[in-house]
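A.B. asks: Structure in structure tokens, see below.
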Amino acid sequence: MANKINFTKAMIEGLPLPEQGKRIDFHDTKTLGLQVRVSSNGTRTFSVLRRIHGRLERVTLGRYPALTIEQARRKAAEINADIANSVNPAEVKRGRKAELTFSELFGEYLERHSKPNKKTWAQDESQFHSYLRATLGPKKISAINRSSVASIHSSITKAGQATTANRVKALVSSIFGWAISAGLWHTNPATGIKHNKEQSRDRFIQGDELPRFFRALADEQNSSMRDFFLLSLLTGARRANVLAMRWEDISLDRAEWRLRTTKNGTPQTVTLSPQAIQILRDRLPLEPTVFVFPGRGKTGHLAEPKKGWQRILSRAGLGDLRIHDLRRTLGSWQAKQGASLAIIGKSLNHKSQNTTAIYARLDLDPVRDSVNAATSAMMVAGGLTPDMGVVKFNRSRG
């Protein structure tokens, strides 16, 4: 074989450069198949060239001097050992190149599983971009192990977001679980990671906070945002359901809103209080529209109320309140007015009374009444008459 030399630092660095656009291969006398390819611009690249099953295969190792001669010889020896054990390293490497990155796997999961089957698919997308894209996204899925996922879970937990850490871990587990069922992968690196202990959140709008909250709503210039938060409070419905509220599902005469599907998989009829009915009557469109809160995005309805929520919280001085706490607020005020756990659970469409039990510990008042009484009580506590006649809301369309 031509151009056989003993690879040394001085020898490799002194190799002649070929003509412009050409390359020259030099073969090591000590290690079977090891060669260095010299290009006209001076780049020197180690590789192993071997005939495997009658086919000449090249496996690139890396560039000199980032990869030293000794490192190149060790890698070449490992490849030679694989070949001796009937493993084709070139085929293995080609398989790795074809392997999905985690970002690519998530894209498959989102389009093929999450969007068709989960009403909360947008939350999956948000969590991926917030917590996983930068850390796991570029990695091949074979490079992601339990330690990788545990590290992310731990860092989110240390940042004071124990519940979020659990949700992110659950998303990773769901992605890999789907990949296994779809035949795209064979192991789940999220398996076996200890779950953070979670505490039930019991935050709701207190009586002395309601006046500030309602005045902040009254000052909101975007009527869609204001009405969205008011209906979220007055119906106790989940954010996703209120965002996607359809006119065809509402009966103003019967004061009912029929939810075709909900988070727990069952339909629900939501009682509409007189205050909720008034908001809906004020929103009746001049031209037919599908959604109560139409939007310009892909869904056709309002998609993300976070900025409006932050404006209202800032005006009200209620920095620790979440949108989901509006749902909890209705249940809490039902408990204050004496509603039974069964009534609260029915109005909020809870499957389990254990979920509903959180409202019982918020107040020890006797249990007797339901949604309309709670709504009226909130209006009065907030400085409004039950028909919202004290603080006038700006009804201009936002």
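The values are calculated or read from the model by the stated rules, or taken from the named source; none is laboratory data. Computed from a predicted structure; not experimentally measured. Note that we place each Cβ from the backbone using ideal geometry, even for glycine, and neighbour counts take in every protein chain shown.
A.B. asks: If I filter region 229-248 for residues that are more than 25 Å from W333 (Cα to Cα), more than 21 Å from the chain's Cα centre (by Cα) and of a type outside the set (F, W, Y), do I get at least one hit?
C.D. replies: Checking region 229-248: at least one residue is more than 25 Å from W333 (Cα to Cα), more than 21 Å from the chain's Cα centre (by Cα) and of a type outside the set (F, W, Y).
A.B. asks: Also, I was wondering about something else. Please specify each residue of region 129-174 satisfying the condition of being closer than 14 Å to F106 by Cβ and of a type in the set (S, T, Y).
C.D. replies: S130, Y131, T135, S173, S174
A.B. asks: Can you report the number of residues in region 116-133 which are at pLDDT 90 or above and basic (K, R)?
C.D. replies: Number of matching residues: 1.
A.B. asks: Another question about this same structure. Taking region 17-70, which residues are under 19 Å from N3 (Cα atoms), surrounded by 13 or more Cβ atoms within 10 Å (Cβ to Cβ) and of a type in the set (S, T, Y)?
C.D. replies: Result: T31, S39, S40, T45, S47, Y64.
A.B. asks: Filter region 277-286 for residues that are within 15 Å of R246 (Cβ to Cβ) and assigned to a helix (DSSP H, G or I) and give the result.
C.D. replies: Scanning region 277-286 gives L280, R283.
A.B. asks: How many of the residues making up region 118-142 are within 15 Å of A179 (Cα to Cα) and out of contact with any strand residue (DSSP E or B) (no Cβ under 8 Å at 6 or more places or on another chain)?
C.D. replies: 1
A.B. asks: Pairs needed: first member in region 10-21, in a loop (DSSP other than H, G, I, E, B); second member anywhere, surrounded by 14 or more Cβ atoms within 10 Å (Cβ to Cβ) and not small (G, A, S); C-beta distance under 6 Å; at least 6 residues apart or different chains.
C.D. replies: Pairs that qualify, where the first residue is in a loop (DSSP other than H, G, I, E, B) and the partner is surrounded by 14 or more Cβ atoms within 10 Å (Cβ to Cβ) and not small (G, A, S), are L15/V38; P18/I24.
A.B. asks: Considering each residue of region 107-155, count those that are of a type in the set (S, T, N, Q), over 18 Å from K298 (Cβ atoms) and surrounded by 16 or more Cβ atoms within 10 Å (Cβ to Cβ), and give that number.
C.D. replies: 2
A.B. asks: Follow-up. Has region 329-340 got any residue that is surrounded by fewer than 13 Cβ atoms within 10 Å (Cβ to Cβ), at pLDDT 80 or above and not in a loop (DSSP other than H, G, I, E, B)?
C.D. replies: Scanning region 329-340 turns up no residue that is surrounded by fewer than 13 Cβ atoms within 10 Å (Cβ to Cβ), at pLDDT 80 or above and not in a loop (DSSP other than H, G, I, E, B).
A.B. asks: Do we find a residue being under 22 Å from Q268 (Cα atoms), in the same structural domain as A240 (by TED's automatic domain parsing), at pLDDT 60 or above and not in a helix (DSSP H, G or I) anywhere in region 371-390? Walk me through it before giving the result.
C.D. replies: The initial filter retains those residues of region 371-390 that are under 22 Å from Q268 (Cα atoms), namely 371-375.
Checking the rest, the ones that are also in the same structural domain as A240 (by TED's automatic domain parsing) come to 371-375.
The next check asks that each one be at pLDDT 60 or above; those that pass are 371-375.
Cutting the leftovers down to not in a helix (DSSP H, G or I) gives us none.
No: zero hits.
A.B. asks: Can I ask one more? So for region 80-100 (the condition being in contact (Cβ under 8 Å) with a residue 24 or more places away in the chain, surrounded by 15 or more Cβ atoms within 10 Å (Cβ to Cβ), out of contact with any strand residue (DSSP E or B) (no Cβ under 8 Å at 6 or more places or on another chain) and not assigned by TED's automatic domain parsing to the domain that holds L243), does at least one residue qualify?
C.D. replies: There is no residue in region 80-100 that is in contact (Cβ under 8 Å) with a residue 24 or more places away in the chain, surrounded by 15 or more Cβ atoms within 10 Å (Cβ to Cβ), out of contact with any strand residue (DSSP E or B) (no Cβ under 8 Å at 6 or more places or on another chain) and not assigned by TED's automatic domain parsing to the domain that holds L243.
A.B. asks: Say we look at region 230-254 and pick out the residues that are among the charged types (D, E, K, R), within 18 Å of K119 (Cα to Cα) and part of a helix (DSSP H, G or I); which of these is modelled with the highest pLDDT?
C.D. replies: D249
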